Each structure stands twice: as structure tokens, then as C-alpha cells.
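Input: one structure, supplied below.
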Amino acid sequence: MLMKHPVSSVLIFFVIFFLPVTAFCQSPLMNVQGVTYNRFPDALARTQDSIQKQFEREHLTWPPQEMYIRSFKYDRQLEVWVRSDVKEPYKLFKTYKVCTQSGTTGPKRAEGDYQVPEGFYYINEFNPNSNYHLALGLNYPNASDRILSDSLRPGSAIYIHGSCVSTGCIPLTDSYIEELYVIASNVKAQGQEFIPVHIFPVRYNVKKSMEYLTENMKTRPTLRQFNNNLKEVFDYFEAKKQLPIVMVNKNGEYVLD
């Protein structure tokens, strides 16, 4: 059960510092031989009209004021939720299929462990020149990871990207990452500085997924409390379609304010 803590006893989740980008999902996300090519204009031209029509079909306002992304590792899905006003509940726009997954259940704790992180992040980089088509960087390691992961080599540079390959990131097809990148670019232009990305091991409301998680936790008891904390945030959003304030205590545990 997540316990409530006074603000003075926790690190505010959003106020964190990034480590330098030195490990790239165990594969580089850099310019090839220094060549720079911005793929965003082409992606925008290909997709924006289609995205706008998809929003209209779902009775959603384009462009949205805010977006929220959540991904489920075992289920290999990535959801995009949007809203046109900060006082409104989020509405589901689309669920994308994640191409593949490296690692297993559990958070990322060290460089080279091939784990996709689990926890609460936000987009901190737009890379239109990625080796993997387009890429949205996540602020891994976050405040919790910096406490609980390897202090010298926690890993870094985790992305949602294209090209449908991964050794620690969240890979989509090129057409899917183009849509996601265009939506994220639009909400950033609308003023949303922090686009939240929540990564869960499973869908907690799917029986098969929970059976898989429960079986994995039998031999890894330290994951139980970690997953209880993640699940409470998942349940909060499921009930309210609003995001709770997530903070981190001195032990690196996620807490709900």
C-alpha cells in the first residue's frame, strides 16, 4: 500500500536531474558519421491529416492540450491518452502495439541489463535524427532509479523509437512512432512541458497478465511492494482518468501524495 508522506519528507518526482547520455538502449542513438537529417517535417506531412481525422472520429479535439502515455511490458501495448483542458479527464485516443520487448519483469537497475524500465517518467528529448527513425527520450534514471539502481552505471538514454528493434527501449513501427512523435510535438507546442510516460510490467486488470506477474514474483519477493506501488497509481488513473501526484521518498519508493 502506498503511504502518504508530507512534502518535506520526499523528493518531488518531477524535480530530478538527468545523468549524461552515455548508454543508448545498449545501441547508439546518434547521427551516423555526423550526418544530420531532420525526419520530422516528412513525418508531419505524411501523418498530420490522418491524425486529425482519427481525432475527429473519436470526438476528440485536435490538437490536444495535453497527452499522457502509458505502456505495458508483458502485454506489449502503448496507450495514448489526451485531453483538451487540464480540468477534464483524459480520454483514450489509441493503443499501439509495441514491436518487441527485451529483458523481463522488473525495473531497470544497471547499464547493460537489457531491462525496459518500470515506473513514472516523462519525455525529455525529441530526436528527429535517430538511428531508429524518430525517438522520444525518457528521463531515466529518475529520482527513484538514482537511489535504487547501480550508483555508477545505472544506464541511461531510454527511448520510445521506431525501427521495431530494442535492447532496453520501447520500439514501435515507423508509422506508429511518426504518429506519436507528431502528437507529442503538438502538445509540446501547446505548452505541455512534461509529457508523462508510465511504464507498467503488466495490465493489472487482465487475468492472464496478472497470472504471469504473480508467478514471476514468487521467486522475486522484492518486486511485490514495488508492484503494489505501481498498481496503486494504475488503479487511481483507472478510476478517475486523472493523474495522481507521484513522489519519491528517501528509500527510492514511489509514494502517492
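Using 18 Å as the Cα-Cα cut-off, could you pick out the over-long pairs in Lys87/Lys241; Lys91/Lys240; Lys73/Lys240?
Values: Lys87/Lys241 11 Å; Lys91/Lys240 11 Å; Lys73/Lys240 23 Å.
In this structure, Lys73/Lys240 exceed 18 Å between Cα atoms.
Starting with the fewest neighbours, write out Trp62, Trp81 ranked by other beta-carbon atoms found within 10 Å of each beta-carbon. Provide the component values of the computation, followed by the final result.
On the way: Trp62 17, Trp81 20.
Neighbour counts put them in this order, fewest first: Trp62, Trp81.
Also, I was wondering about something else. What ranking do Phe237, Phe226, Phe120 get, fewest neighbouring Cβ atoms within 10 angstrom at the top? Could the numbers behind the result be given before it?
Numbers: Phe237 17, Phe226 21, Phe120 26.
Arranged by neighbour count, lowest to highest, Phe237, Phe226, Phe120 become Phe237, Phe226, Phe120.
Are there GluC sites (Glu not before Pro) in region 160-249 that DSSP puts in a loop and that have at most 15 other Cβ atoms within 10 Å, and which ones? All intermediate terms of the calculation are to be shown ahead of the outcome.
Working: sites: Glu178, Glu179, Glu193, Glu211, Glu215, Glu232, Glu238; in loops: Glu193.
Answer by residue number: Glu193.
Pull up all non-local amide H partners of Ile158: gap of 5 or more, or a different chain, and H-to-H distance under 5 Å with H placed in the peptide plane.
The list, which skips near neighbours in sequence, is Leu138, Tyr140.
How much of the DSSP beta bridge set in region 7-256 is antiparallel, as a percent to the nearest 5? Mind showing how you got there, number by number?
Numbers: 32 of 38 bridges.
Antiparallel bridges: around 85 percent, rounded to the nearest 5.
When we measure straight from the Cα of Lys231, which aspartates and glutamates land under 19 angstrom away, once same-chain ones fewer than 8 places off are left out?
Leaving aside aspartates and glutamates fewer than 8 places away in the same chain, those within reach of Lys231 are Asp75, Glu79, Glu118, Asp145, Glu211, Glu215, Glu253, Asp257.
Moving on. At a threshold of 8 angstrom on Cα-Cα distance, excluding pairs fewer than six apart, so keeping six or more, what relative contact order does region 47-162 reach in percent? Spell out each step's value before the answer.
On the way: 188 pairs, mean separation 18.7, N = 116.
About 16 percent, as a whole number.
Report the local net charge at Ser130: Lys and Arg +1, Asp and Glu -1, summed over other residues whose C-beta lies under 15 Å from its C-beta. Write out the running numbers ahead of the final one.
Values: positive: Arg39; negative: Asp42, Glu125, Asp174, Glu178.
Here the count lands on -3.
I've got another one for you. Under the rule of at least 5 residues apart or a separate chain, name every residue whose amide H is placed under 5 Å from the amide H of Phe126.
Gly137
Could you put Asp49, Asp75, Asp235, Asp145 in order, starting from the residue whose Cβ has the fewest other Cβ atoms within 10 Å?
Final ranking by Cβ density, sparse to dense: Asp49, Asp235, Asp75, Asp145.
For the chain, what relative contact order do you get, as a whole percent, if you take Cα pairs closer than 8 Å and at least 6 residues apart?
On the way: 524 pairs, mean separation 69.0, N = 257.
This gives 27 percent for the chain.
For the chain, the longest stretch holding no trypsin sites (Lys or Arg not before Pro) located in a DSSP loop with at most 13 other Cβ atoms within 10 Å is which? Mind showing how you got there, number by number?
Details: sites that count: Lys4, Lys87, Lys250.
So the longest stretch without any such site is 88-249.
Can I ask one more? When the chain is modelled as a GNM with alpha-carbon springs shorter than 10 Å, which of Ile245, Ile177, Ile123 fluctuates the most?
Among Ile245, Ile177, Ile123, the largest mean-square fluctuation in the Gaussian network model of the chain belongs to Ile245.
Apply the Karplus parameterisation 6.51 cos²θ - 1.76 cosθ + 1.60, with θ equal to phi minus 60°, to every residue of region 174-189 and state each ³J(HN,Hα) to the nearest whole Hz, in sequence, with x for glycine and proline.
With coefficients 6.51, -1.76 and 1.60, one gets 4, 5, 5, 5, 4, 4, 4, 5, 5, 4, 4, 5, 5, 5, 5, 5 Hz.
Further question: Search the structure for amide H atoms under 5 Å from the amide H of Thr104, placed 1.01 Å from N in the peptide plane, and list their residues when 5 or more places away or on another chain.
Amide H neighbours of Thr104: Val116.
Expressed as a whole percent, how much of the Cα-Cα distance distribution for region 7-256 exceeds 27 Å?
Numbers: 10446 of 31125 pairs.
The answer is 34 percent, as a whole percent.
Bear in mind that the values in this text are calculations on the coordinates, not laboratory data. What you see is a predicted model, and the numbers here were worked out from it, not measured in a lab. Ideal geometry is used to build each Cβ from the backbone, glycine not excepted, and the neighbour counts take in all protein chains shown.
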